[in-house]
Amino acid sequence: MNISGFNISNHLSSNRIINIRIKDDAIDKLSEKFSRFDLTAIEYKPFTRFTIAKYLDDLSNNQLSKFLNEILHDRNSGCFVIGPENLNSKIDDIFLVKLSTAIAYLIGNPNHDAMAGKYYARFHVKHEDKSDSYLRKAYTNMDLHTDGTYVKEITDWLLMSKLEEKNVEGGETAMLHLDDWEYCEELYNDPIGKQNFVWGSPKSKNVDYKVEHPIFFPDNEGKPQISYIDQFPEPKNMEQGIFLQKLSDSLEGSKNKVITKLPVGSAIVANNYFWLHGRRPFKENKDLSRELMRIRGSFFI
Ligand SMILES: [Fe+2]
């Protein structure tokens, strides 16, 4: 694939993941165009997000939006990493929030992020943490999961962007495609995985209801899809509890996880139905700091 302004290749960590690098002159043009709006305008006026998304697509003669959507809908791929080819002083956190926003608005409408109270969330992972979920716990493995398991909104895709990082060793992104998972057939064919499970969430998520849905469900072609996270299902009985343990063990035990280091300034975007994501523990360091941004949403098409 050849799109002007972008270098496109298969990602070094996996042939399923497409690596998209934005060339320097394209970054310069974007930075100039993005400066038309400050972050307040972007946050308060949803139409401005479409405007900056169009700036990004215009750079590619409107080929980028088509390409990104094709990747996310392609069962054999479904994931891309996108970011500046080189970092420079124009690429600060504000620029990266706008860039991530522009990418998201070429794919679909973001969901309201209840944790942050807007369409995206920024958060830090640091040495110390007093929160009630694994999101900010640096020294614990964040197990493979999908997003949106405990909310009513449709969560077709997710975008995770790395805004900044200091004194970090470890903390790599772990990804697993369902078709690479050794135990997929066995667990997908277990009737318990298609039962309704109850999903709640801790206080910090600001979601005051519970939802019910199965873990596995088929796509239009009968291929397995998953909606699962380890912390939030509330098993109703022994059979559901044991199933969840088996699922968790066989996901974490997979030898086919893709372990990758996301560069600062880059975002990883994945189809949330057949890719699971997680994070390896960081190496202990009291000055450790990483800032991330996330957007989740539904597809336009
Ligand atoms: Fe997640």
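Values quoted throughout were computed directly from the atomic coordinates according to the rules given, and no laboratory measurement underlies them. All of these numbers come straight from a predicted model, not from anything done at the bench. Positions of Cβ are generated from backbone atoms using ideal geometry, with glycine treated the same way; all protein chains shown enter the neighbour counts.
How large is ³J(HN,Hα) for each residue in region 162-178, as worked out from phi by the Karplus curve 6.51 cos²θ - 1.76 cosθ + 1.60 (θ = phi - 60°), to whole Hz, x for Gly and Pro?
9, 7, 6, 7, 9, 6, 10, 10, x, x, 5, 6, 10, 10, 9, 8, 3
Using the C-alpha atoms of region 1-94, what convex hull volume per residue, in cubic angstrom, is computed? Could the numbers behind the result be given before it?
On the way: hull volume 10.3 nm³, N = 94.
About 110 Å³ per residue, rounded to a whole number.
Rounded to the nearest 500, what is the 222 nm mean residue ellipticity of the chain from helices alone, with -39500 (n - 2.57) per DSSP H run of 4+ residues and division by all residues?
-7500 deg cm²/dmol
May I ask you to list the GluC sites (Glu not before Pro) in region 187-271 that are in a DSSP loop and have at most 10 other Cβ atoms within 10 Å of their Cβ?
Here the GluC sites (Glu not before Pro) that fit, given the DSSP loop and packing criteria, are GLU221.
Run a plain Debye calculation on region 137-191 (Cα atoms as equal point scatterers, no solvent) and give log10 I(q)/I(0) at q = 0.21, 0.27 Å⁻¹, rounded to two decimals, same order as the q list.
-1.12, -1.25
What is the total of Lys pairs in region 96-211 with C-alpha atoms under 21 Å apart, excluding same-chain pairs fewer than 8 positions apart?
Number of lysine pairs found: 25.
Please go through region 88-120 and write out the trypsin sites (Lys or Arg not before Pro) that DSSP classes as loop and that have at most 16 other C-beta atoms within 10 Å.
Answer in residue order: LYS90.
Using θ = phi - 60° and the Karplus curve 6.51 cos²θ - 1.76 cosθ + 1.60, what whole-Hz ³J(HN,Hα) does each residue of region 245-258 get, with Gly and Pro shown as x?
5, 5, 4, 4, 4, 7, 6, 5, x, 5, 8, 9, 5, 9
For the chain, modelled as a GNM with alpha-carbon contacts under 10 angstrom, which of ILE18, ILE154, ILE268 fluctuates the most?
ILE154
If one puts a single equal scatterer on every Cα of region 76-138 and applies the Debye formula without solvent, what log₁₀ I(q)/I(0) results at q = 0.22 Å⁻¹?
Debye output, listed in q order: -1.13.
If we restrict to alpha carbons, what Rg and Dmax does region 160-301 come to, in Å?
Answer for region 160-301, Rg first and Dmax second: 16.7, 49 Å.
For the Cα atoms of the chain, what angle does the longest principal axis make with the long axis of helix 63-73, in degrees from 0 to 90, nearest 10?
10
Could you compute the net charge surrounding VAL198? Neighbours are other residues with a C-beta less than 10 Å from the C-beta of VAL198; K and R count +1, D and E count -1.
0
What's the longest uninterrupted piece of the chain once you rule out the chymotrypsin sites (Phe, Trp or Tyr not before Pro) that are loop residues per DSSP with at most 15 other Cβ within 10 Å?
Excluding the exposed sites themselves, the longest stretch runs over 1-138.
Could you give the distance between the Cα centres of region 213-241 and region 92-144, to the whole Å?
24
What's the long-distance tail for region 240-280, i.e. % of Cα pairs beyond 16 Å?
51
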